[in-house]
Amino acid sequence: MKKLGIIVVLSIFSFSTAMAQLVKVDQEVFGMDCAPCAYGLERGLKKMDGLQSVKVSLNDGKAYLKLAADNDLSLQKIQKEVKNNGFSARSAEVTLNGELVNDGNKWSVSVNGETFKVSLDTPDDILTKLKPGKVQLIGRVKDEEDDGLSNTWNIRITEVL
Amino acid sequence: MKQTVLIVIVAMMALSKTYAQGHGPLFGLQTPTLAEGGVDFNAVAMSLATEDDQSFMLRYIWSYGVTEDLQLNITTPTMINRLSDPPRTRGNSNMPANGDIEASVWYRFFSNAFGVGKRFESTAILSVSTPTEETRGGINVSNSIHGAISTGYASRTWYVWVGGGYQYYFEKDNDQLGDLPYASLVVGYRPNIFMGDYPKPDWRVFLESLAEFPGASMNEGQISPVDQRGKKVMIGPSFLGLYGAWGISFGALFPVYQDVVQGSQERYRLSMNISYWL
């Protein structure tokens, strides 16, 4: 009975960690030049549910976000918050768990209602190893116009974990 | 000196109960607007010295960001010592130098963030003011409107803002204060020693310049016998320190050219601004 309980707990744990979600986002921010700018952005980002930690660097021009387990944050929501603070959200390096699917030789990953289309400039050695199903990967999400954000992104995968 | 110390103490006391803003130059026009939903508060101590007298004023500004490009402001004064014949000036270009209550809208109509810490942006300002005194320099003083446009470049190292504005006073009881066109140019620099990353403190130094061209006033329906504009150019340094949600700036302007038609000559302007982003 005890073993069964442990198995159930481990199953739930492994299921939750494998859920489709963003794990980490290093968001490039353009136009942020001062301490109150960073303070305002940091505070705005912290108001979002589902974050474990936020760090903003003026010198790097980046917001470093670690997301909590079972979060339902989207990259669109993060970039919208950057825009609301008066800055421009550019490309982002993301770590994500998602469901990799192949549709007509085009790969994409679905995460929390967002679709990350795998771009063709992903290195061949990574592309050839992709398999449909659950995946955790790191990639660079390409910049989209701040005024035209949608739930579809292009991602250049740099590492499959 | 005693009065100056008093002003600083009163300003600090005010800040212990409320909070304040001030992001760019102290005297010149600037461009930054608040984040959507952002609120900030500025408490300012200002003084203007002429050859005859010196004014002291505390001023408070509440600002609210409707969107990241649209900001509402309201500013109210506490006059400690009023000049009987004050120069017509904006004093601080983002607020009246005299005892006006002013409400303004800032609209950042252009913004281009093109690099880490770098952006070009342009902001338009429209304000309405109502005086807290009956007369100014013997002229009945009325409500006024003010408009300005400013454009600037900001980076982690260099800042430049250039702008111009115009204030128009309405007629009251056959009197009318002359209008006030003005322009400002500000260059800012942050030395390497203050390039520490957030949340370390962040200091900048500005060289500010302000040119004002006050028009002749009308008294009892008669325009001044000398119907020409005054000309004044003022230059001076200001310093801005930022730490987290707090900002403090202080500086002075000194006249380098004055051709005053009405009123007395200026000797200097002082200002200190404490800001808090709520």
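General remarks:
- In terms of distances greater than 22 angstrom between alpha carbons, the cross-link table entries A:Lys80/A:Lys106; A:Lys106/A:Lys142; A:Lys77/A:Lys129; A:Lys77/A:Lys117; A:Lys24/A:Lys142 yield A:Lys80/A:Lys106; A:Lys77/A:Lys129.
- Sequence of B:Asp52, B:Asp85 when ordered by accessible area, the most exposed leading, probe 1.4 angstrom: B:Asp52, B:Asp85
- Order of exposure, largest accessible area first, which applies to B:Tyr169, B:Tyr153 with probe 1.4 Å: B:Tyr153, B:Tyr169
- Area of A:Glu28 that stays accessible when all protein chains are in place (1.4 Å probe, Å², to 10): 40
- About the Cα centre, charge dipole magnitude for region B:2-277 (Lys/Arg +1, Asp/Glu -1 at Cβ), debye: 980
- Using a probe radius of 1.4 angstrom, the carbon and sulfur fraction of the accessible surface of region A:48-136 is 45%.
- Backbone N within region B:134-154 under 12 Å of label point (7 Å from B:Phe109 Cα along the Cβ vector): B:148-151
- Counted over region A:31-123 with a bin width of 5 Å, the fraction of Cα pairs per bin, in whole percents, is 2, 12, 22, 21, 16, 13, 8, 4, 1, 0.
- Convex hull projection area averaged over all views, region B:116-180, Cα basis, nm²: 5.6
- Computed FRET value (nearest 0.05) for A:Leu120 with B:Tyr166, which takes r as the C-beta separation and R₀ as 51 Å: 0.40
- Whole-Å semi-axes of chain A's equivalent ellipsoid (Cα gyration tensor): 29, 22, 12
- Accessible-area order (highest first, 1.4 angstrom probe) of the listed residues A:Val25, B:Val105: B:Val105, A:Val25
- Against chain A, whose longest principal axis is taken from its Cα atoms, helix A:75-84 shows a tilt of about 10°.
- Kirkwood Rh in Å, taken over region B:178-278 so that all alpha-carbon pairs contribute: 16.0
- B:Ile223 contributes an accessible area of around 90 Å² to the protein surface, as traced by a 1.4 Å probe with all chains present.
- Taken over region B:2-277, lysine pairs spaced eight or more positions apart, or on distinct chains, with alpha carbons under 27 Å apart number 5.
- Helix B:2-17 and the longest principal axis of the C-alpha atoms of chain B enclose an angle of approximately 50°.
- Euclidean distance of C-alpha centroids, region B:37-77 and region B:83-157, integer Å: 9
- Counting Cβ atoms of other protein chains within 10 Å of each Cβ in A:38-47 and taking the mean gives 4.
- Reduced Cα scattering model of the protein assembly as shown, Debye log10 I(q)/I(0), q = 0.08 Å⁻¹: -0.55
- Expressed as a whole percent, the accessible surface of chain B that belongs to carbon and sulfur atoms is 63, based on a 1.4 Å probe.
- For chain A, the dipole from Cβ point charges (+1 on Lys and Arg, -1 on Asp and Glu) about the Cα centre works out to 680 debye, to the nearest 20.
- Highest-fluctuation residue, A:Val101, A:Val82, A:Val111 considered, GNM on chain A with Cα pairs under 10 Å: A:Val101
- Neighbour net charge for B:Ser264 - beta-carbon separation under 11 angstrom, K R +1, D E -1: -4
- Shielding by other protein chains, A:115-126, mean Cβ within 10 Å: 0
- Along chain B, the longest continuous region that contains none of the GluC sites (Glu not before Pro) in a DSSP loop with at most 14 other C-beta atoms within 10 Å is B:52-132.
- Solvent-accessible area per residue, Å², over chain B with all protein chains present [probe radius 1.4 Å]: 42
- Computed E for B:Glu133/B:Val66 - FRET, C-beta separation, R0 25 angstrom, nearest 0.05: 0.20
- The mean count of C-beta atoms from other chains within 10 Å of the C-beta of residues in B:189-199, rounded to a whole number, is 3.
- By a 1.4 Å probe calculation restricted to protein chains, A:Thr128 has an accessible surface near 110 Å², given to the nearest 10.
- Rounded if a/c under 1.5, otherwise prolate or oblate - region B:2-277, Cα gyration tensor axes: prolate
The values are calculated or read from the model by the stated rules, or taken from the named source; none is laboratory data. On a predicted model such as this, the values are computed, not experimentally measured, just so you know. As a convention, Cβ positions derive from the backbone with ideal geometry for all residues, glycine included, and neighbour counts pool all protein chains shown. Just the protein is used for accessible areas: all its heavy atoms, side chains included, with ligands, DNA and RNA removed. Shrake-Rupley method; radii C 1.70, N 1.55, O 1.52, S 1.80 Å.
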